[in-house]
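Accompanying notes for the structure given below.
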Amino acid sequence: MSTSNGQAPRHAAHFGGSGQAPRNPQARQRTSGTTRPASRMRPQATPGRRAGSTGAVGTRSALGSTGVSSRTAQATRRAGSGNVRKRGKRGKQGRASALPAIVAGVIAAAAAIGLVVLLVIPRLTGAGSSDADKQQITAGQVVEVTVPDGSGASAIAQALYDAGVIESKSDFLNQVRRTNSELSLKSGTYSLVTGDSLDNIIKLLSTGPNSTAATLTIPEGFTVAKVASAVESQFGISADDFTAQAKASNYVTDYPFLAVANNDSLEGYLFPKTYDFSGKDVTSDLVIRTMLSQWQTEMAGVDFDAAIASLKSRFQMDFTQEDILTVASIVERETNSDDDRATVASVFYNRLAVGMPLQSDATTAYYKGGDFSAADLKDDNEWNTYTRTGLTPTPICSPGLASIQAACNPDDTSYYYFFISGDYHAFSETYEQHQKAIDARPQ
């Protein structure tokens, strides 16, 4: 039956990261003339007492008061003066030996200051862009820029510069550092406006890809043939090449769940979703592997073994994972409402249980590749569920998760018929009730 809700017709008969300073040796006392007797020698001066500060100093002895000769005093003064001169000379030598180290320290400090001026300050202030780093750009143009996976801020700056989006790479990098955005920039393909502010550009790159140039949208219900056509339209890959590549035998080693796929077909396993292939060299193999990986991810939450056991108990029939996926694909093509999916699935299981043909127009439409005539419903082939009982050899499309869940857990009903047209939904137990439901549909 055709639907009237503005969507594609759904044909069916039943449902729609510091050194120490050196010590001076003790100075020796010098005298002139003959050597005097020891008793008339002047005692040595007390250490630390300056000779020049007391004048002629006398001392008492048994012979009486005796004074020190002027020559002795002069000699003493000369000796004291000599000590001072010796210490001074040695101090000069110490200072001279330290001079090269001081000079080297000054030079090192100057070099460090130079590095700060040349490198650190420009980064903090945004200064330092040279004329060689600047270019003239035409503002206001929309361009596509692809940032490959793993690109750092410098590589991104180069890509933006090459595309004419920014005038200066260093200005962009300085702004990225000021805003601490290095770790936020994402890979992907972007639609950017040349001459836009650096803040806006960084914000977009931090949000994520905004271009549709490298995306592929596969709706629920697409067949392998329609996926091939979409890939050809979006990426220019031949639909025939895609179809030839889309064989279960090419991927079963990496995706063991394909071991149950019939007719070497990937029908039902190319999971419907919007995929982003930004920064990648898109090939048929890449697209197929990406979609199979998505199917595997989505099915991680679906317990097919439990579903098989439950269906056997309810309908006294043995089902496989492929069978459930096939029922889900027919449900996907026959209805567009999540509210109806589990009920529609129950109708098909009820009919299978009693040997009734499914009588789904959608299976013939799949066989014919589109529209079909009334005469086609009489053509006896394994896809015609009017003339054959049981399920079709393979799924007839890629069902969404909702339809797969409905096929795993159908409603418990006694319906054998349904009629869906737009917003009008009717389920019946008998053919007569079914006919009345059709007649009662809004005109």
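Considering Val347, Val354, the condition of being over 43 Å from the mean Cα position of the chain (by Cα), surrounded by fewer than 24 Cβ atoms within 10 Å (Cβ to Cβ) and on the phi < 0 side of the Ramachandran plot is satisfied by Val354 alone. Contact annotation: residue pairs with Cβ atoms under 7 Å, 6 or more positions apart or on different chains, pairing a residue in the range 134-151 that is assigned to a loop (DSSP other than H, G, I, E, B) with a partner that is among the charged types (D, E, K, R), are Gln135/Glu167; Ile137/Glu167.
Within the range 168-191, residues that are surrounded by 21 or more Cβ atoms within 10 Å (Cβ to Cβ) sit with their Cβ atoms under 7 Å from residues that are modelled with pLDDT of 95 or more and not in a helix (DSSP H, G or I), at 6+ positions apart or across chains, in these pairs: Phe172/Ile166. Considered as a group, the residues in the range 131-143 that are over 14 Å from Asp196 (Cα atoms) and surrounded by 11 or more Cβ atoms within 10 Å (Cβ to Cβ) include one that is modelled with the highest pLDDT, and that residue is Gln135. The set of residues in the range 399-428 that are of a type in the set (Ser, Thr, Tyr), part of a strand (DSSP E or B) and either surrounded by fewer than 21 Cβ atoms within 10 Å (Cβ to Cβ) or modelled with pLDDT under 95 (or both) comprises Ser421, Tyr424, Ser428. Whether any residue in the range 252-265 is under 17 Å from Ala228 (Cα atoms) and part of a loop (DSSP other than H, G, I, E, B) is what I want to check. So far as the range 252-265 goes, no, none of its residues is under 17 Å from Ala228 (Cα atoms) and part of a loop (DSSP other than H, G, I, E, B). Return yes or no: is Val287 surrounded by fewer than 17 Cβ atoms within 10 Å (Cβ to Cβ) and closer than 30 Å to Ala345 by Cβ? No: the conditions fail for Val287.
Among the residues of the range 213-220, some residue qualifies, meaning at least one is modelled with pLDDT under 95 and more than 30 Å from Leu325 (Cβ to Cβ). So for the range 303-312 (the condition being of a type in the set (Ser, Thr, Tyr), under 19 Å from Phe222 (Cβ atoms) and out of contact with any Ser or Thr (no Cβ under 6 Å at 6 or more places or on another chain)), does at least one residue qualify? No, because not a single residue in the range 303-312 is of a type in the set (Ser, Thr, Tyr), under 19 Å from Phe222 (Cβ atoms) and out of contact with any Ser or Thr (no Cβ under 6 Å at 6 or more places or on another chain).
A quick yes/no check of all residues on (1) closer than 20 Å to Phe348 by Cα; (2) in contact with a strand residue (DSSP E or B) (Cβ under 9 Å, 6 or more places away or on another chain); (3) assigned to a helix (DSSP H, G or I):
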{"residue": "Gly268", "(1), (2), (3)": "yes, no, no"}
{"residue": "Phe271", "(1), (2), (3)": "no, no, no"}
{"residue": "Gly279", "(1), (2), (3)": "no, yes, no"}
{"residue": "Val282", "(1), (2), (3)": "no, yes, no"}
{"residue": "Gln294", "(1), (2), (3)": "no, yes, yes"}
{"residue": "Ile308", "(1), (2), (3)": "yes, no, yes"}
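Kindly establish whether Asp241 is assigned to a helix (DSSP H, G or I), among the acidic types (Asp, Glu) and assigned by TED's automatic domain parsing to the domain that holds Trp295. Answer is yes for this residue. Screening Gly105, Gly128 for residues that are in contact with a Pro (Cβ under 6 Å, 6 or more places away or on another chain), more than 30 Å from Phe277 (Cβ to Cβ) and modelled with pLDDT under 95 leaves exactly one candidate, Gly128.
The values are calculated or read from the model by the stated rules, or taken from the named source; none is laboratory data. It should be emphasised that the depicted structure is a prediction, and the values quoted were computed from it without experimental measurement. Don't worry about glycine lacking a Cβ; one is built from the backbone with ideal geometry, like all the others, and counts go over all protein chains shown.
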